[in-house]
Amino acid sequence: MQIQTGATGMWPPATDTPPATTIPDHDAATVTNTVQMTEQQTEYHLSFTGTGKEYFRIWIVNLCLSLATLGIYSAWAKVRRLKYFDRNTQLNEAVFNFHGDPRIIFRGRVIAVILLFCYHYLFTFSKTLALILFAVFLLGVPWMMRSALRFRLRNSSYLGLRFQFHGTLAGAYRTYLPVGLMVLLPGLLGVLKPNQPGILALAFIPYLSWPWLHARMRMYQHKDLAFSELRSTCSLTSNSFLWAYFAVGLVLLIFVVMIGVGSAVFIATLKNHAPDNYKFFMELYGWLLFPLGFLAILLAYIIFLSGSTLLQVKIWNKSWNATRFPGIEIDSHLPYKAFYFLQVKNLILTLLTLGLYRPFAVVNVYRFRLQHVSVKAASLEQLLASQQLPAVQTGKSGQVGQASGDSTADLFGFDLSW
């Protein structure tokens with residue numbers, strides 16, 4: 001999901017004021033009250049007017065046509081999905097919109113499939129080819145990620161005013177080159193040193209830097225947003241997500257250790273002190289292996305979901321609360337407990353309906369996120385009036401841009417939405 005918001009107040013031009021001694025007391029109080037009223041901000045809430053039933057019809061048609069056309073229709077399906085969600089997202093009773101061309105997205109999908117084929121089948125063909133593909137991927141990932149952000153934002157609008165992304169290519173390489181190196185290095189060492197598992201294990205050590213890399217990615221994404229001519233700033237730092245990752249990782253590690261130790265102690269005690277019960281338990285375990293295994297996996301995933309949901313909430317709130325536009329504040333207060341129970345409900349209902357509840361789950365999550373985000377500004381109407389002229393001068397420039405990075409990043413699993 002992507003939210004871009006903006007509002008600003010219109011300040012009166014500065015004027016020369018007489019000395020304070022010439023202003024009567026009641027006039028000074030009037031001036032003070034006027035300044036306070038001018039600085040007072042209005043809170044605008046985001047809302048979503050779509051329903052799971054409506055999106056289910058779009059989702060099922062997109063799924064069937066994508067399968068029938070061997071994925072060719074997926075580009076048109078993506079445009080239909082984004083248009084539905086954007087056109088049903090409201091801010092101050094006005095809606096957003098998406099203008100992307102599915103033919104451009106389709107060309108990006110073709111490039112994505114070619115890259116995916118090269119990574120899975122040609123990467124292990126020879127060491128020389130692996131090094132060449134490694135260099136191509138490493139140099140291409142930052143460009144693709146930046147292109148994805150530019151395409152998505154340039155083709156999004158609010159009341160006819162386009163969003164933009166002004167992040168530089170050099171900034172993209174500083175941000176995403178370490179990420180690409182972290183992801184691709186284990187595969188490269190697996191080809192170059194196939195019989196040395198110790199070296200391969202060392203290649204996963206850079207994954208410990210993910211909290212810092214993730215924060216840098218968010219900084220790059222949020223600090224160069226633009227709504228028409230309004231440029232954003234972001235106060236995130238490289239350590240913004242460190243404690244969230246550390247806390248979640250520590251809790252999950254303790255839980256896994258406790259489950260493992262507890263299971264081992266239980267089986268050992270039963271075997272040594274109650275051999276008859278142990279034999280009965282092992283015979284019964286063979287019959288209950290599948291249902292118990294399924295329940296264990298489901299329980300483990302629900303527990304894992306608690307940690308991943310906490311990370312989502314912390315990162316979502318920190319990222320948007322740290323993002324500012326001139327005269328604008330974004331307030332995100334996504335609650336953990338309610339959001340976690342919503343995720344668990346969506347998981348259970350999706351499993352019980354064999355995946356048919358998925359579109360309803362997507363709508364539920366999207367609406368819940370929007371309900372806990374608001375935009376504070378002096379006057380949204382004045383903002384729109386002040387930005388109309390730059391928008392007219394820009395014309396159709398928002399259609400410019402390559403979608404290859406957008407589609408490629410989607411296929412490789414990189415999340416570019418927030």
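Just so it is clear, none of the values below were taken in a lab; they were calculated from the coordinates. The model shown is predicted, which means the values in this text are computed figures rather than measured ones. Reconstructed Cβ throughout: ideal geometry from the backbone, glycine too, with neighbour counts over all protein chains shown.
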Requested in this report: Could you give the size of the charge dipole of the stretch 127-274 about its Cα centre, using +1 on the Cβ of each K and R and -1 on the Cβ of each D and E, expressed in debye and rounded to the nearest 20?
Outcome: 300
Query raised in the report: Stretch residue 352-residue 49 to full length: gain in nm at 0.36 nm per residue minus the Cα-Cα span?
Result: 106.4 nm
Query raised in the report: Taking the simple approach of a point 7 Å from Cα along Cα-to-Cβ for both residue 181 and residue 269, what is their distance in nm?
Result: 5.0
Report summary line: Partner lysines whose C-alpha sits under 16 Å from that of residue 127, ignoring same-chain residues fewer than 8 away, are 193
Query - Straight-distance crosslink candidates among lysines, where the alpha carbon sits under 26 Å from residue 271 and sequence neighbours closer than 8 are dropped - result: 279
Query raised in the report: Taking the Cβ-Cβ separation of residue 127 and residue 202 as r and a Förster radius of 30 Å, what is the calculated FRET efficiency to the nearest 0.05?
Result: 0.95
Query - Whole-angstrom gap from the stretch 54-81 to the stretch 111-147, using each part's C-alpha centre - result: 28
Query - Gain on full stretching of the segment that runs from residue 250 to residue 83 - 0.36 nm per residue minus C-alpha separation - result: 56.1 nm
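Fully extended, how many nm does the chain gain between residue 210 and residue 297 (0.36 nm per residue separation, minus their Cα-Cα distance)? Don't skip to the answer; put the middle values down first.
Values: separation 87, 0.36 × 87 = 31.32 nm, distance 2.57 nm.
Taking residue 210 through residue 297 to full extension adds about 28.7 nm, to one decimal.
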Query - Simple label model, 7 Å out from Cα along Cβ direction - residue 336 to residue 99, nm - result: 4.2
